[in-house]
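The next block holds one structure in the form of structure tokens; read it before the comments.
The values are calculated or read from the model by the stated rules, or taken from the named source; none is laboratory data. This is a predicted model, so every value here is computed, not measured. Note that each Cβ is placed from the backbone with ideal geometry, even for glycine, and that neighbours are counted across all protein chains shown. The accessibility values were calculated without ligands, DNA or RNA, using every heavy atom of the protein model including side chains. Shrake-Rupley method; radii C 1.70, N 1.55, O 1.52, S 1.80 Å.
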Amino acid sequence: MILFCSSSFPIPIPTSPCLRTNSPSLHPLHFRAPLKPSTSRPTQQQRLSCSSSPLLLLQHCNDGGGDNNNNMNNGNNGWWDPFGFGGNSNSDSQFNPLIFFCLRNRGGDSTCSTTTGDLSLFALSLLGFFWPSQFSIALENGKAEVWELRSSKRTRLVPDPSKDAFVVVAGESGFTFDSLKEEDAVQSLGLKLVSRFNDLILQLMLPEGYPDSVTSDYLEYSLWRSVQGVASQVSGVLATQALLYAVGLGKGAIPTAAAINWVLKDGIGYLSKIALSNYGRHFDVNPKGWRLFADLLENAAFGMEILTPAFPHLFVVIGAAAGAGRSAAALIQAATRSCFYAGFAAQRNFAEVIAKGEAQGMVSKSIGIMLGIALANGVGSSTPLSLASFAVVTWVHMYCNLKSYQSVLLRTLNPYRASLVFNEYLLSGQIPHVREVNDEEPLFPSLPLINANLMRKVESQLLSAEAKVAAREIEKRLQIGSKLSEVVNSKEDAIALFDLYGSEGYILAEHSGQFCIILKQGSSPQDMLKSLFHVNYLYWLEKNVGIESGSISNDCKSGGKLQISLDYVQREFNHVRNDGELAGWSVDGLIVRPLPNRICFENVSSVPKIQ
């Protein structure tokens, strides 16, 4: 017997005596669902007697009689009826009957159908896919609704039986003018046009699926960046006009000489971009500070270019210095922009977030160029007016930049952010929120006076003063990628360290008040993150328990400071990492630029060779 069904799940069906005939005709069979599945199974001989046709979906070679009631089927010959058209079916069932077909060979034997019969039944069984389902019946009865979503727009759909399709409900997805007066209709048409225009702007400027496809800080950052983009282009137009006056084009200078000076200015400036590319890893560690520094550098370059008409004989020198600054700023901006966009891509839609960011930038640049041309025509060749206008535009530019960077929530962990998170966990047992840590992080770690004026004045709800002090202190005392030869003074210390950290990807020891992390060859960012958690626990032991550091060999012994702290880190690090991930942090590893020193060794019976 071969059975085909439109259901996506197999239903075990015992053989009915009604099929044990010699008739080759088709038999529609209705099934009724039992209250519990049957526990009877076919014997090995019965299973072997069945065909292995690849089209065989359901098969059960059971010779049981029609009165078999093991499945509590009320004597319905053992047939299942999950679609509720039997006499005693559940009245609440919403399924229409699905017809199952079977075909017997002409010989009356117990073998399964031929290949031709299989294909015929397979074609017939496809009809079952077109029978109404329980969901369609629920739609007809008003118990279910279908909504079409596009970003924040919702449109309700209802089934149209005459057309076998969904139709849009009038008045719920658009405007209808049947019940409106003429002036109301005009007003509604205007609202509809405004709504369509807004949808078009959102489609062009924001990633698909906004706001769910990006993080919560994306919109605020984009708005501030758009305003600063306009200001940047205005400054660029003023600077370009000043350069043209300085090169002499406004006084009838020879075009060839002007072109040569221009090329020399740009060519020398490009060298700065090549030299600065070696510091790319620093941009990952502190992208906000580097980006603000790039904006300052860019504005300084614009200011130098505006001054060139006052010193036309120094055009190449001033232009080259300004070009170097602008090239370096462009490199830093491009590098740090990728860090921000990667954090915004909540659904791994990196390319789309970058594309929409470029589209927003083009709109800002277009507006800025038009405003800059208008301002340049008013300023003319007056250097004092150009400088005054430039000062105002620069203030707007820098303010918008600062606000945009303060709105960005970096979820990666650099040494400072990780130390804040780990210290708060050690002090209170809680992981601080991403926004609180970002608000506390200084833009320029080495310039505390500037940071005090630039940081947001936000009262932290979770971060304690002790955690903030600890994070700053640890960042000063931390050294990742230390040389083993500078930390270890004896063979005994080296063997003790290798015995203690044999299974770890790092070695941690205190030397001259510094937390020295020695990285093994092949250490991963996850090992560095674990080593920093170890550093934070050592600092906690030092400040809260009063355990002072002794010799390295003694600290590595049982009960020593390094041994106690490593035992705690090995037990607790995975819990901290899981809690941090639940709080929204990216715990894949530590974002840091370590020193290039690494160690490798083959055995611990002698001091390893330092590389």
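Could you grab me the full set of residues in region 425-474 that are modelled with pLDDT of 90 or more, within 23 Å of Tyr405 (Cα to Cα) and open to solvent by 60 Å² or more (accessible area, probe 1.4 Å)?
Matches in region 425-474: His433, Arg435, Arg472.
Listed here are the residues, each with its yes/no results for (1) in contact with a helix residue (DSSP H, G or I) (Cβ under 7 Å, 6 or more places away or on another chain); (2) over 29 Å from Gln233 (Cα atoms); (3) of a type outside the set (Phe, Trp, Tyr).
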position	(1), (2), (3)
Asn377	no, no, yes
Thr383	yes, no, yes
Leu387	yes, no, yes
Phe390	yes, no, no
Ile431	yes, yes, yes
Pro445	yes, yes, yes
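Suppose the filter is over 20 Å from Val592 (Cα atoms) and acidic (Asp, Glu); does Asp555 pass it?
yes
One line per residue, one yes/no per condition, for (1) assigned to a helix (DSSP H, G or I); (2) within 16 Å of Gln241 (Cβ to Cβ); (3) in contact (Cβ under 8 Å) with a residue 60 or more places away in the chain:
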residue	(1), (2), (3)
Ser381	no, yes, yes
Pro384	yes, yes, no
Ala388	yes, yes, no
Val392	yes, no, no
Trp395	yes, no, no
Ser404	yes, no, yes
Arg411	no, no, yes
Ala418	yes, no, yes
Phe422	yes, no, yes
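From the list Arg348, Arg326, which one is within 41 Å of the chain's Cα centre (by Cα) and at negative phi?
Arg326
Would you please name the residue that is farthest from Val434 (Cα to Cα), looking only at residues in region 214-240 that are open to solvent by 40 Å² or more (accessible area, probe 1.4 Å) and β-branched (Val, Ile, Thr)?
Restricting to residues being open to solvent by 40 Å² or more (accessible area, probe 1.4 Å) and β-branched (Val, Ile, Thr), the top hit is Thr240.
Of the residues that make up region 353-365, is at least one open to solvent by 40 Å² or more (accessible area, probe 1.4 Å) and more than 27 Å from the chain's Cα centre (by Cα)?
Yes, some residue in region 353-365 is open to solvent by 40 Å² or more (accessible area, probe 1.4 Å) and more than 27 Å from the chain's Cα centre (by Cα).
If we keep just the residues of region 503-549 that are part of a helix (DSSP H, G or I) and among the basic types (Lys, Arg), which is nearest to Tyr416 (Cα to Cα)?
Among those that are part of a helix (DSSP H, G or I) and among the basic types (Lys, Arg), it is Lys530.
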